[in-house]
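Comments concern the structure below.
The values are calculated or read from the model by the stated rules, or taken from the named source; none is laboratory data. These figures come from a predicted structure and were not determined experimentally. Cβ atoms come from the backbone with ideal geometry, glycine included; neighbour counts cover every protein chain shown.
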Amino acid sequence: MTDQAKPLRADARRNRAKVLAAAEQVFAEFGASVSTEQVAARAGVAIGTVFRHFPTKQELLRALLRELLARRTEELTTLLAEGDPATALFEFFTRLVAEAAANKAVVDLLAEAGMDVQVAEQVRSFQHALAQLLDRAKLAGAVRADVRLDEVLALLGAISQGALLGSWDRDLQTRTLAIVFTGLLPGG
């Protein structure tokens, strides 16, 4: 939805959700070259429905990024509430790298188009939740006390990029994460 003040009707919310889900799938499969027509076809809606919610491809990308960041933040929040402090950070790393290895969507679009995607609020929420997860891991003695949030973010970004661009298989993901995790461990 493009920053509208008026709430959407139930059918419009469903269509918007279908378009976002289809965009995520189509971009993951085909990368940045995908057209909004392909997104509409995958969503089972008319192209006008896509443009009503997302007047440009950039608006669609912005909404998709917000949704993906919100999902990652929700995962972090769940791990904070329910996860083992000693393993939750490592679980999150593992999930994120596996997802990055399988999904070309957002990274390709950003790199190709150089789009100015404003998702600062979602990024702050994500970083705050990740910082809390890191602090819990440190308190549990599972992560070195000197590890900083910016270092964890850099590692997540670099490994996710490597997994994506290198099409890492599960074995390479596991071995690479084992090396990173060893470096995060106290005495690692």
- Query: Given the structure, is Arg144 assigned to a helix (DSSP H, G or I), at pLDDT 90 or above, farther than 30 Å from Glu59 by Cβ and among the basic types (Lys, Arg)?
  - Reply: no
Matching residues in the range 157-174 (surrounded by fewer than 18 Cβ atoms within 10 Å (Cβ to Cβ) and part of a helix (DSSP H, G or I)) number 9
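Give Val152, Val97, Val119 a once-over and let me know the one that is out of contact with any Gly (no Cβ under 7 Å at 6 or more places or on another chain), modelled with pLDDT under 80 and closer than 22 Å to Leu69 by Cβ.
None of the other options fit; the residue is Val119.
Could you list all residues from the range 133-155 that are in contact with a Lys or Arg (Cβ under 8 Å, 6 or more places away or on another chain) and in contact (Cβ under 8 Å) with a residue 40 or more places away in the chain?
Arg144, Ala145
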Requiring at least 2 residues that are among the basic types (Lys, Arg), the helices (runs of 4 or more DSSP H) wholly within the range 1-101 are 10-30, 57-82
### Query
Could you say whether any residue in the range 157-175 is in contact with a helix residue (DSSP H, G or I) (Cβ under 9 Å, 6 or more places away or on another chain), among the aromatic types (Phe, Trp, Tyr) and within 18 Å of Leu130 (Cα to Cα)?
no
